[in-house]
1. Taking each residue in A:341-350, count the Cβ atoms of any other chain within 10 Å of its Cβ, then average. What number comes out?
2. After finding the eigenvalues of the alpha carbon gyration tensor for the range A:81-213, what semi-axes result from the square roots of 5 times each, listed largest first in whole Å?
3. Could you pull out which residues in the range A:95-114 have an amide N less than 17 Å from a spot 7 Å beyond the Cα of A:GLN300, following the Cα-Cβ vector?
4. What total accessible area, in Å², is buried where chains A and B meet, using a 1.4 Å probe and rounding to the nearest 100?
5. With all pairs of different alpha carbon atoms counted, what Kirkwood hydrodynamic radius in Å does the range A:1-97 show?
6. Out of the total accessible area of chain B (probe 1.4 Å, heavy atoms of protein only), what percent is carbon and sulfur?
7. Would you mind putting A:358-370, A:76-88 in packing order, based on average other-beta-carbon counts within 10 Å, highest first?
8. Show the residues, 5+ positions off or on another chain, whose built amide H is closer than 5 Å to the amide H of A:SER261.
Amino acid sequence: MELFRRASKVIPGGIYGHASPAAGLPNAFPYYAERAKGCKYWDVDGREYLDFMCGYGTISLGYGHPAVEEAAAKQREKGSIFNHPSALMPELAETLTELIEFADWAVFGKNGSDMTTWAVQVAREFTGRKKILKIQGAYHGVDPWCTPGSGGIIEEDVAHIHPFPWNDLEAFQTLVARYRGEVAALIITPFHHPSFGDSEMPEEDFFQQIEKVCRKEEILLILDDIRAGFRLALEGSHTYFGFEPDIACYCKALGNGYNISATLGREYLRVSATKVFLTGSYWNDAVSMAASLICLREMQSAKLPSHLEKLGRKLIKGIGNEALGHGFKMRFSGPPAMPFMRFADEKNFFQLQRFCALAATEGVFLHPHHNWFLSAAHTAIDIDHAIEAASRAFALLAKEQ
Amino acid sequence: MSAQLKSHSEILCRLHLYAVLPALDDLLKNTTEAKKILGGRTFSISISIHNGAKVILSFKDGRCLIDETRPLDDGIHFFFRSPDHLNRLMQGSLVLPGVEFTTFRPGNLIVFLRLLNLLRKYLRPRDLTTRDAQFRANHVRLLLGIAFFGLRQLAEHEEASRRRIQETPHGLALFSIENENLAAWASWDGVNILAGKGEPEHKSPDVIVTFKDAAIAYQALNEKLDPMASIGLHLIQTRGLLPLADGLSFIIERIPRFLTL
């Protein structure tokens, strides 16, 4: 707390963004981390946590993965930022375009917002249209057109952004008809993963119908695969759900903790892509690209999506059963590799917040407001430990009631 | 929520009518000065804005209740030419509205104006830090009431607030101050916003925001403290459906853009 007190004097909010104590459980979650290894991390007070947030998804293989760290260290010796990109940049673009079949080119940034905002600009450049459709409550980053915050936003920032509810094809078609000839793109995540709410999978044929309308109306389909990318399918989450975007944005799992993001697109967008200025002080960073190349190789070798799905299923089943044993019923939503959990009959999160606080005291970090993440470093034994800790937390919760 | 969007001065006028004037009731319930001014009088004050809103304040049994339907009996009727006309009076300018007495009792007019002055004194103290704990608690109580009654006006009539409330999850929010009998609630069901003082009686809250003391609440309501850091430092505690509290706070924090207290 002393560290946070110091921070709050020199940093607005003390800690801002998704890591803010206000977004989690201020009385139960640690504020600062000191180190991490595999699927565990330690806070500055030395407490150990079995982690089910994985740096909010940025850790796909596990903290401090040896091969990734070795590649990063080797490149660090040579240098990270030069006056020019390194040879790793085209190599990474080649690797990604080979892996993600629809794509003919790739560009790189540092964060998800860098990529979603740039993709929207490319769509506007290509189509000569202004309007962007998106899903109500979907998160696409922190830039003015998409931020969930409200500070500093003016009406004009969102004047051409039009949301519709997830899985509501009729609402989508209504917007398309209303703004016929004006819509540049639909930006959409592969499944709906709002904070403080159940994740929602696409209904059967949802994406296929969306794709059909987009093709007919010459609306670009931008897949925001920042959060789910490589966790559901290494070839991109669109292959998991059976559709093809025009542009796809990736980040999170791509660098296993090294900050890198990427946008991939189709050939016919290449010229438009060159017209939308793209750069950043650290965006050519060779260390992250070296890490990413190895991360991609290791995710393939670990068969990451099937590993995450298998362990996710085990976790869900185990926690669900322990809950029932203590008189609680849980509801899980979203893909097993990235589950969101809540108490089945609770909408206001009181009980879930208490459960997650108790789980934290048992050494397991489960977030009450956000979908969880697993990594290649999690093993069946780790899942067993998490289930046992959850059981103890349910027992304490039952006793409190 | 289909009410018309309003201009800045119309919104300010509605805040004065439906958020600030109802604070007279809290003033009467909690300060001996106000009780003494009103004494045992019973009368009504009706306020009409030309082509606009109208409220009736009923002073009776030491209370001041807002009633928009009750016919005016022993009372005074103020007519204002425009929202700005009323706003100037409420901001302390010397303004002459049209006045009509149902029964000529100028003493009631003086009582009303004295109560308004006292309300201003509590809302805009010269230096709150030099005031005693009771004064500070009353100040916060009045602000809390104004914030929660003002919430509805903004959510219905101001564009940014209306947009935000539509994105806010439904439920009941309770804002309270630890160890003090100070609380206010607001509920949002997707169509209507209701607000009240004290603990809600009809339903359990979906989110609870607790300020550590009246001073923290005062600073929070006046945007004089870092709310995120305050949550981290446990000066403000939040539990439950946080996006509901966030949405309501967004609107409450817009009130000072209209109403300078």
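1. Counting Cβ atoms of other protein chains within 10 Å of each residue's Cβ and averaging gives 4.
2. Computed over the range A:81-213, the values are 28, 19, 17 Å.
3. Correct set: A:95-106.
4. Numbers: alone 18100 and 12850 Å², together 29250 Å².
For chain A against chain B, roughly 1700 Å² becomes buried.
5. Averaging 1/r across every pair of different Cα atoms and inverting gives 16.4 Å.
6. Working: 5910 of 12000 Å².
Roughly 49 percent of what the probe reaches on chain B is carbon or sulfur.
7. Top to bottom by mean Cβ count within 10 Å: A:358-370, A:76-88.
8. The list, which skips near neighbours in sequence, is A:GLY109, A:LYS110, A:ASN111.
The values are calculated or read from the model by the stated rules, or taken from the named source; none is laboratory data. Treat the numbers as computed from the prediction; the structure is a model and nothing was measured. In this analysis, Cβ positions are derived from the backbone assuming ideal geometry, glycine residues included, and neighbour counts consider all displayed protein chains. These area figures cover heavy atoms from the full protein model, side chains too; ligands, DNA and RNA do not enter into them. Shrake-Rupley method; radii C 1.70, N 1.55, O 1.52, S 1.80 Å.
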